[in-house]
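Asker: A single structure is presented below for examination.
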Amino acid sequence: MIRAAVTISLVEEARKGPFVFHGDLEAGCQQAAELGFDAIELFAASGEMIRGLPLRQLLQRYGLQLAAVGTGAGMVVRKLQLCDADAARRAAAAEFIQGIMEAGAEFGSPAIIGSMQGRWDDVVPRDVATGYLQSALERLGQRAGELGTFLLYEPLNRYETNMCNTMAQGAELLRPLATRSVKLLADLFHMNIEETSLVAGLRDAGEFLGHIHFVDSTRQAAGRGHMVYEPLVEVLRDLQYSGYLSAEVFPLPDSRTAAEQTIRTFRRLYPV
Ligand SMILES: [Mn+2]
């Protein structure tokens with residue numbers, strides 16, 4: 001069964017980021033539950049921060065699941081990334097991700113590697129960076145498997161990374177790994193920029209598909225852009241995808257309206 005999730009960010013430095021709710025975990029959970037979302041996706045400053053939250057109580061009170069936890073704060077706040085030329089910085093990036101991953105695993109939830117994948121450049125050429133990224137994904141994925149969860153790797157559009165921009169590149173990156181605990185996150189906004197066809201992109205992700213950022217072409221709520229979702233629903237059914245459609249969208253015109261618009265589109269595609 002495909003379930004609906006909505007993002008909540010607790011990272012002050014990301015208050016302009018594409019998250020539906022900002023700054024207040026309980027208010028976000030309450031509205032998510034009211035509107036009929038199944039889960040929240042949490043963007044927090046660190047693993048320690050997640051452990052310090054009354055997350056279990058709030059999820060229980062509002063009948064919600066934790067769909068995933070983001071790691072982007074490591075990049076946004078601390079400029080950590082897995083392809084850094086400096087080995088100590090790369091290790092710090094992996095450690096930061098592992099902290100968030102372990103906190104999420106207590107809820108059975110995967111961590112997401114998006115911006116923390118970093119990029120290749122003149123100092124760290126593409127093949128070296130790819131090696132760094134693959135070895136980090138191998139180790140973190142293995143750890144995720146031990147913890148009973150998995151790790152999500154998210155290809156991003158060309159303006160945000162030069163590592164993997166498409167689902168095909170993402171699948172190619174993961175295929176040689178020994179661990180089967182790293183999956184792909186298909187973000188429809190990034191895909192809209194990079195894929196020749198969204199349907200083909202989802203098929204390229206195939207067996208690796210583990211999570212979806214449900215968003216419109218504008219990075220606004222589904223329904224506030226020109227994305228056509230019906231063919232995507234069809235391919236997700238073919239792939240027997242049973243994860244989340246998670247709203248990683250700008251709170252436009254405001255958080256509540258973005259959440260309502262998301263769930264309205266979700267219900268149109270997946271009637272109760
Ligand atoms: Mn995303």
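Asker: Suppose we keep only residues that are farther than 17 Å from residue 56 by Cβ and part of a helix (DSSP H, G or I) within region 3-32. Which one would you say is farthest from the ligand (Cβ to nearest atom)?
Answerer: Out of the qualifying residues, it is 27.
Asker: Then there is this: Grab the helices (runs of 4 or more DSSP H) fully contained in region 80-197, keeping just those with 1 or more residues being within 16 Å of the ligand (Cβ to nearest atom).
Answerer: The helices (runs of 4 or more DSSP H) meeting that bar are 87-105, 167-174, 188-194.
Asker: Here's another thing I want to ask about it. If I go through region 165-201 residue by residue, how many of them are under 14 Å from residue 152 (Cβ atoms) and of a type in the set (Val, Ile, Thr)?
Answerer: Looking only at that region, the number is 2.
Asker: Scan (1) touching a Phe, Trp or Tyr at 6+ places or on another chain (Cβ under 8 Å); (2) farther than 19 Å from residue 213 by Cα for the single condition residue 107 breaks and write down its number.
Answerer: (1)
Asker: I would also like to ask the following. Please tell me if residue 153 is surrounded by fewer than 19 Cβ atoms within 10 Å (Cβ to Cβ) and under 30 Å from residue 120 (Cα atoms). Break it down into steps so the answer makes sense when it comes.
Answerer: Values: surrounded by fewer than 19 Cβ atoms within 10 Å (Cβ to Cβ): no; under 30 Å from residue 120 (Cα atoms): yes.
No; evaluated as a whole, the condition is false for this residue.
Asker: Follow-up question, since we're still on this one. Taking residue 116 as meeting all but one of (1) over 30 Å from residue 60 (Cα atoms); (2) surrounded by fewer than 20 Cβ atoms within 10 Å (Cβ to Cβ); (3) hydrophobic (A, V, I, L, M, F, W, C); (4) within 21 Å of the chain's Cα centre (by Cα), write down the number of the exception.
Answerer: (2)
Asker: Oh, and also: Just one of the numbered conditions (1) surrounded by 16 or more Cβ atoms within 10 Å (Cβ to Cβ); (2) of a type in the set (S, T, N, Q); (3) within 16 Å of the ligand (Cβ to nearest atom) is not true of residue 218; which one?
Answerer: (1)
Bear in mind these aren't lab numbers, they're just calculated from the coordinates by the rules spelled out. In this text, all values refer to a predicted model and were calculated from it rather than measured experimentally. Ideal geometry is used to build each Cβ from the backbone, glycine not excepted, and the neighbour counts take in all protein chains shown.
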